[in-house]
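The values are calculated or read from the model by the stated rules, or taken from the named source; none is laboratory data. On a predicted model such as this, the values are computed, not experimentally measured, just so you know. Because the Cβ atoms are built from the backbone with ideal geometry, glycine has one as well, and the counts that use them run over all protein chains shown. For the accessible areas, the whole protein counts, side chains as well, though only heavy atoms, and no ligand, DNA or RNA atoms are used. Shrake-Rupley method; radii C 1.70, N 1.55, O 1.52, S 1.80 Å.
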Amino acid sequence: MNPPNIPNQIDFQKVALETLSIEEHALEVLASQIDERFSQACEIILQCKGRLVITGMGKSGHIGRKMAATFASTGTPSFFMHPGEAGHGDLGMLVKGDVLIAISYSGKSDEIMMLMPLIKHVGVPLITISGHDKGPMPQMPMWH
């Protein structure tokens with residue numbers, strides 16, 4: 001049985017153009033934030049002798065999984081490490097020579113913050129990605 005032919009009240013073209021305008025603005029804001037920290041992060045990744053390990057919780061974790069898959073598919077050994085599991089033993093996957101990218105929109109994810117002393121002890125470079133520069137994560141140095 002086919003649904004009744006009800007005229008649609010939504011102007012899909014208008015919605016699409018509004019969405020593209022919002023995304024265009026977001027890209028402009030992002031472009032204005034590219035600075036020397038971006039170049040430093042790129043250099044750290046290029047000098048990585050081990051694997052690129054990415055961690056993040058929630059939606060940031062979903063983004064991290066996609067980043068790890070993309071890096072791996074383009075020839076950079078990479079994997080995703082769940083921060084909750086890292087606190088229960090998976091941190092052992094992180095070894096000298098690796099580089100860690102930690103993603104948190106708030107810049108203060110509890111699960112990631114609890115790992116910071118352990119990550120510093122392992123001695124791997126840390127790159128943080130955050131939606132807010134005022135949280136504790138963006139204030140952390142890129143350890144070497």
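Descriptive notes on the structure:
- From Met93, Met67, residue being under 17 Å from Leu126 (Cβ atoms) and either in contact with a helix residue (DSSP H, G or I) (Cβ under 9 Å, 6 or more places away or on another chain) or among the polar types (S, T, N, Q) (or both): Met93
- Residue among Glu18, Glu43, Glu111 that is touching a residue at least 40 places away in the same chain (Cβ under 8 Å), open to solvent by 50 Å² or more (accessible area, probe 1.4 Å) and not basic (Lys, Arg): Glu111
- Candidates Ser109, Ser78, Ser104 - the one that is more than 14 Å from Ile129 (Cβ to Cβ) and of a type in the set (Gly, Ala, Ser): Ser78
- Residues in the range 100-131 that are more than 13 Å from the chain's Cα centre (by Cα) and either part of a loop (DSSP other than H, G, I, E, B) or modelled with pLDDT of 90 or more (or both): Lys108, Met114, Leu115, Gly123, Val124, Pro125.
- Meets criteria (closer than 21 Å to Lys49 by Cβ, outside any loop (DSSP other than H, G, I, E, B) and of a type in the set (Lys, Arg)) for Lys96: no
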